[in-house]
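All of the numbers you see were taken from the coordinates with simple rules; none came from a lab. The model shown is predicted, which means the values in this text are computed figures rather than measured ones. Counting neighbours? That spans all protein chains shown, and the Cβs are built from the backbone with ideal geometry, glycine included.
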Amino acid sequence: PHGTLTVCITGGAGQISYSLLPLIASGEVFGHEQPIELRLLDIKPALEALNGVVMELHDCSFPLLRGIVATDDPMVAFRHADVAVLAGSFPRRPGMERRELLAKNVNIFKAHGHALDQVASKNVKIVVVGNPSNTNALVLSHFAPSIPKGNITALTRLDHNRTVSQVALRTGVSVNDVDGVAIWGNHSATQYPDMTRATAKGELAMPMLGGRKVVAEEIIPCIQKRGAAVLKARGFSSAMSAANAIGDHLRSWLMGDSKIVSMAVASDGSYHVKAGVYFSFPVRCVGGGEYEIVQGIELGEFSRKYVSATTEELFAEREEALSLL
Ligand code: NDP
């Protein structure tokens, strides 16, 4: 018998939340026998919209949904939370300086870190989605010292899924037949979608993809700029695929995954990335919220230059965020 799982989503009235809620409440993420209590957090001006979302959740009549709390108080939203999806963050406005954006978000993740530290389950599993997500995760962990750093992650699964899909489309196999891709570093334009060890139906994909030149000049930029391409085409951001990736991230992390996936996790010196940032690595999820960074990958010269660039960017973001605390 399963106890009820308390799942908190911040930015509850936002686009990502709107696509994520049916996945969670229907049992697609935590299993079809896992009862769920939802906590939806948003800011005061969004509470009316949030109320509309609550009405729709009731109208879906999800059998697993045991309760819904909608609030603008983090202390209420995070109380005894088992899982927290942090999608509420300050959006980049035209003409806004990077530092200004970071400052706004430092304050949000400071407040949310404090609240999680005080009222969430000590075993809470947190995924940060709001950008700059890796650095927001770092700020959060700084202000939530009682939550193990390993319980805090940031989302790079959408980048991972995009890479799997590009390899599948370009080699003519199904996504199930693709393995061995990884996202390294920051969830930003410097992320490194690594296809050097990718396989399609067990065969090395690089030659089928057209070799290093095509990968470097075409495929990597396609993945790095995919969010902007969707935004341009649709006029709205890629909320559906982001929500789907959050579902995948949580399912792999909590239930385990036979494939290696990508998550931004606290760096521990693996691959010369010093401790102190949240960095996307290939990870093996063994279930029950346990994971390990895959060790022993030989990063060739081609990969190393991308990994150093994204590492440098993350440490620079870290300095900037720390100077704002
Ligand atoms: P979305 O729900 O579309 O996105 C939420 C966050 O996820 C954004 O920071 C966005 O970053 C990030 N994100 C990460 N990956 C992706 C992706 N692939 N596609 C799209 N977004 C991605 O934003 P909305 O504006 O619809 O909703 C935001 C919610 O947050 C609102 O409900 C708002 O009220 C709330 N909010 C809360 C604040 C607070 O807690 N103090 C402050 C401001 C807003 P990016 O912007 O870079 O796309």
- Query: For segment 77-147, which trypsin sites (Lys or Arg not before Pro) are in a loop by DSSP, counting at most 10 other Cβ atoms within 10 Å?
  - Reply: Lys122
- Query: Which aspartates and glutamates have a Cα lying under 13 Å from the Cα of Lys44, excluding residues fewer than 8 positions away in the same chain?
  - Reply: Asp72, Asp73
- To the nearest 0.05, the calculated FRET efficiency linking Lys259 and His142 through their beta-carbon distance, R0 being 45 Å, is 0.90
- Item | Net length gained if the chain between Ser165 and Lys232 were fully extended (0.36 nm per residue, minus Cα distance) | 22.1 nm
- Query: Using θ = phi - 60° and the Karplus curve 6.51 cos²θ - 1.76 cosθ + 1.60, what whole-Hz ³J(HN,Hα) does each residue of segment 241-249 get, with Gly and Pro shown as x?
  - Reply: 5, 5, 5, 4, 5, 5, x, 4, 4
- Evaluate E = 1/(1 + (r/R0)^6) for Met55 and Glu100, where r is the Cβ-Cβ distance and R0 equals 30 Å; express this FRET efficiency to the nearest 0.05. 0.25
- Query: At Ala309 and Val76, where each label point lies 7 Å from the Cα along Cα→Cβ, what is the point-to-point distance in nanometres?
  - Reply: 4.7 nm
- Query: Once both labels are modelled 7 Å past Cα along the beta-carbon direction, what's the Val294-Ala275 spacing in nm?
  - Reply: 2.5 nm
- Task: Identify the GluC sites (Glu not before Pro) of segment 51-112 meeting these criteria: DSSP loop state and at most 10 other C-beta atoms within 10 Å of the C-beta.
- Result: Glu97
- Task: Would you mind telling me the antiparallel percentage of the DSSP bridges in the chain, rounded to 5?
- Result: 45 percent
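List the relative contact order of segment 45-116 as a percent without decimals, with contacts defined as Cα pairs under 8 Å and 6+ residues apart.
In percent, rounded to a whole number, it is 30.
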